[in-house]
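Q: One structure, as structure tokens, below. Some questions next.
Values in this text are rule-based calculations from the coordinates and carry no lab data. All figures in this text were calculated on a predicted structure; none of them were measured in a lab. A quick note on method: Cβ atoms are made from the backbone with ideal geometry, for glycine too, and the neighbour counts reach across all protein chains shown.
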Amino acid sequence: MIYNGECLIILSDTDDFLIADSFAREEFALFDDVFKCVVVKDYEFKRSFKMSEVLYLEYGNTKLSRFLDGLFQDLW
């Protein structure tokens, strides 16, 4: 999430929280955004998810990102 700046968490049909590996977001002005092509591990969901059905997190702390990049560079 730190490097991509966003994270999508969905609730599966078996009531498990799953973190999507990839997804496509379709934004709307007056309606819920829609997430399509949601992939978790090797499984692609055949349905779309509305913004009201998921947890969508955005991350934009550039200072922390630079700090973590520096830590990882020191390790290598």
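Q: Among the lysines, which fall within straight-line cross-link reach of residue 50, defined as a Cα-Cα distance under 24 Å, with same-chain neighbours fewer than 8 residues apart omitted?
A: Partners within reach: 36, 41.
Q: Would you list which aspartates and glutamates come within 18 Å of residue 46, measuring only between C-alpha atoms, while excluding same-chain residues fewer than 8 positions from it?
A: Here the aspartates and glutamates satisfying the reach criterion relative to residue 46 are 13, 15, 16, 21, 26, 33.
Q: Taking H placed 1.01 Å from N in the peptide plane, check which residues at least 5 places from residue 6 or on another chain put their amide H under 5 Å from its amide H.
A: 59
Q: Next up: Assuming R0 = 35 Å, can you tell me the calculated FRET efficiency for the pair residue 28 and residue 73, based on Cβ-Cβ distance, to the nearest 0.05?
A: 0.30
Q: By how many degrees, 0 to 90 and rounded to 10, does the Cα axis of helix 62-75 deviate from the longest principal axis of the chain?
A: 60 degrees
Q: Residue 21's amide H: which non-local residues (gap 5+, or another chain) put their own amide H closer than 5 Å, with H modeled 1.01 Å from N in plane and none for Pro or chain starts?
A: Placed amide hydrogens put 39, 40, 41 under 5 Å from residue 21.
Q: Return the sequence-ordered ³J(HN,Hα) values of region 55-61 in whole Hz as given by the Karplus equation 6.51 cos²θ - 1.76 cosθ + 1.60 applied to θ = phi - 60°, using x for Gly and Pro.
A: 10, 10, 10, 10, 10, x, 8
Q: Oh, and also: Return the distance in nm (one decimal) between the two label points of a simple spin-label model at residue 65 and residue 41, each offset 7 Å from Cα along Cα→Cβ.
A: Placing both labels 7 Å along Cα→Cβ, they lie 3.0 nm apart.
Q: On average over all directions, what projected area in square nanometres does the chain have, based on the convex hull of its Cα atoms?
A: Dividing the Cα hull surface by four gives the mean projection, 6.7 nm².
Q: Also: Work out the length of the dipole vector of the chain about its Cα centre, built from +1 on the beta-carbon of each Lys and Arg and -1 on the beta-carbon of each Asp and Glu, and round it to the nearest 20 debye.
A: 160 debye
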